[in-house]
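Trainee: I'd like to ask you about the structure that follows.
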Amino acid sequence: MEYTVKKLSKIAGISTRTLRYYDEIGILKPARINSSGYRIYGQAEVDRLQQILFYRELGVSLESIKDIVTSPSFDGAKALREHREKLLEKRKQLDLLISNVDKTIALTEGRIIMSNKEKFEGFKQKMVDDNEKKYGKEIREKYGDDTINKSNAKLMNMSEEQYNEVTSLEEQVKAALAEAFKNGDPSSDIAQKAADLHKRWLTFYWSEYSKEAHAGLAQMYVDDERFTAYYDKEQPGTAEFLRDAIFIYTGMSK
């Protein structure tokens, strides 16, 4: 069966403008253009659109999706299986949050007693899942499954006070780092304070701390563009500055 832009947009639940944009950027070309100048899409294009929308739902950028679906090695069946696994993970997270909300409603109505630890389970699980999704492969290769599993377990067992403290520490690291970056000296007192705050933040996640591991993580911030983007969001060069400050703090060399 073939579809015009209007018909395909209707069954897919997206705008005609989106389909035209996908054509413009080369992520989803029509099968052909008919004699009247209309874009015509066949089954292959419908299947690709489904894949694109799956990836979009999972938060993948259009640029990355284009690289994936236009690759000669792209395997549609394998991709669907991967989509399913990721959607199951997402459903698990949503179920946990819904359960958390239900319990909180019951608590406010006086029907149950809910521990403070329970109140934050959904949010802590989301932190674990998000970190696994973004960095899981790299950090597991670098530190090993046992270390990362222990770190995740430590996070899930945090008390309300610990959870609030580690969240506050993350903001303190950012603030100290931004101030230190202005003077450009990673050995300055404020830069070393940022490195110390970063260490304190890490100890909430790591089962044990070592200077070598701290320095290694700092180097990863520079080597991995995703970490670099996080720290360089407000000021380019911040990831390298933090790396240098941590190297000085730990006494490790570049």
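The values are calculated or read from the model by the stated rules, or taken from the named source; none is laboratory data. Since the structure is predicted, the reported quantities are computational estimates derived from the model, not experimental observations. Here Cβ is always computed from backbone atoms with ideal geometry, including for glycine, and neighbour counts include all displayed protein chains. The protein model used for the area step is the full one, side chains on, heavy atoms only, and it has no ligands, DNA or RNA in it. Shrake-Rupley method; radii C 1.70, N 1.55, O 1.52, S 1.80 Å.
Trainee: Within the stretch 237-249, is even one residue buried (at least 18 other Cβ atoms within 10 Å of the Cβ), of a type in the set (Ser, Thr, Tyr) and modelled with pLDDT of 90 or more?
Mentor: yes
Trainee: Another one. Which of the helices (runs of 4 or more DSSP H) found entirely inside the stretch 1-91 contain at least 1 residues meeting this: in contact with a strand residue (DSSP E or B) (Cβ under 9 Å, 6 or more places away or on another chain)?
Mentor: The helices (runs of 4 or more DSSP H) meeting that bar are 5-12, 16-24, 43-57.
Trainee: All but one of (1) without any contact (Cβ under 8 Å) to a residue 60 or more places away in the chain; (2) assigned to a helix (DSSP H, G or I) hold for Trp206; state the number of the condition that does not hold.
Mentor: Every listed condition holds for Trp206 apart from (2).
Trainee: Within the stretch 91-101, can one find any residue that is open to solvent by 90 Å² or more (accessible area, probe 1.4 Å), within 30 Å of His214 (Cβ to Cβ) and at pLDDT below 80?
Mentor: There is no residue in the stretch 91-101 that is open to solvent by 90 Å² or more (accessible area, probe 1.4 Å), within 30 Å of His214 (Cβ to Cβ) and at pLDDT below 80.
Trainee: In the list Ala213, Ala218, Ala229, which residue meets the criterion of being assigned to a helix (DSSP H, G or I) and open to solvent by less than 20 Å² (accessible area, probe 1.4 Å)?
Mentor: Among Ala213, Ala218, Ala229, only Ala218 is assigned to a helix (DSSP H, G or I) and open to solvent by less than 20 Å² (accessible area, probe 1.4 Å).
Trainee: Quick one: what pairs do we get from the stretch 36-62, first residue farther than 10 Å from Tyr3 by Cα, second open to solvent by 60 Å² or more (accessible area, probe 1.4 Å) and of a type in the set (Lys, Arg), C-beta under 8 Å, 6+ apart or different chains?
Mentor: The qualifying pairs are Leu58/Lys86; Leu58/Lys90; Leu62/Arg56.
Trainee: If I ask for residues that are closer than 21 Å to Val46 by Cβ and surrounded by 12 or more Cβ atoms within 10 Å (Cβ to Cβ), which ones from the stretch 68-90 would you list?
Mentor: Answer for the stretch 68-90, where residues must be closer than 21 Å to Val46 by Cβ and surrounded by 12 or more Cβ atoms within 10 Å (Cβ to Cβ): Ile68, Val69, Thr70, Phe74, Gly76, Ala79, Leu80, Glu82, His83, Leu87.
Trainee: For the stretch 1-46, what are the residues that are small (Gly, Ala, Ser), out of contact with any Lys or Arg (no Cβ under 9 Å at 6 or more places or on another chain) and loosely packed, with under 11 Cβ neighbours inside 10 Å?
Mentor: Correct list: Gly13, Ser35, Ser36, Gly37, Ala44.
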